[in-house]
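Student: Below is the structure I would like to discuss, written out as structure tokens.
The values are calculated or read from the model by the stated rules, or taken from the named source; none is laboratory data. As the structure is a computational prediction, the values presented were derived from the model and not from experiment. No Cβ is skipped: glycine too gets one built from the backbone with ideal geometry, and neighbour counts run over all protein chains shown. In case anyone asks, the SASA skips ligands and DNA or RNA and just uses the protein heavy atoms, side chains included. Shrake-Rupley method; radii C 1.70, N 1.55, O 1.52, S 1.80 Å.
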Amino acid sequence: MKTPRWMTIVIIIFTLPLFSTPWLVRNCPADDSAVKTLVQIYPFYMALSGWLANKAYPQRHYVAWLLLAVMALSTAAIFTLTLS
């Protein structure tokens, strides 16, 4: 069983904030090393979560949706950390 095309499009939409990484690194607070570390880990986490959601959907729909929800929350958290 394959992941439906509509779900693949949803996963791609959820991983699009990955391309804002250069902007996030540039706007990261200079004095906070914890935020810098989280911003540097963020692209790997997003790519891995998107891949796992794509692989999990055919067998475990709820795991894929949970991964997408956590991706959305982590994107909000990273942007909040960077902008504050």
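Student: Dipole of the chain, Cα-centred, from +1 at each Lys and Arg C-beta and -1 at each Asp and Glu C-beta, to the nearest 20 debye?
Tutor: 420
Student: Compute the helix-to-body angle for 33-56: its Cα long axis versus the longest principal axis of the chain, expressed 0 to 90° and rounded to tens.
Tutor: Taking Cα atoms only, the helix is inclined about 10 degrees.
Student: What whole-number volume per residue, in cubic angstrom, does the convex hull of the C-alpha atoms of the stretch 1-42 give?
Tutor: Roughly 69 Å³ of hull volume per residue.
Student: Of the listed peptides 63-75, 5-17, what is their order by residue-averaged count of other C-beta atoms within 10 Å, with the highest listed first?
Tutor: 63-75, 5-17
Student: Cα convex hull of the chain: how many Å³ per residue?
Tutor: 73
Student: Which is farthest toward the positive dipole end of the chain among Phe14, Val25, Ile78, measuring Cα position about the Cα centre, with Cβ charges +1 (Lys, Arg) and -1 (Asp, Glu)?
Tutor: So the residue we want is Phe14.
Student: At 7 Å along Cα-to-Cβ for each site, give me the label-to-label distance between Ala30 and Leu52 in nm.
Tutor: For Ala30 paired with Leu52, the spin-label model returns 3.6 nm.
Student: Report, to the nearest whole %, how much of the accessible area of the chain belongs to carbon and sulfur atoms, 1.4 Å probe, protein only.
Tutor: Carbon-and-sulfur percentage of accessible area, whole number: 71.
Student: Cα axis of helix 61-83 to longest principal axis of the chain: angle in degrees, 0 to 90, nearest 10?
Tutor: 10
Student: What accessible area per residue comes out for the chain, rounded to a whole number of Å², with a 1.4 Å probe?
Tutor: Roughly 66 Å² per residue, with all protein chains present.
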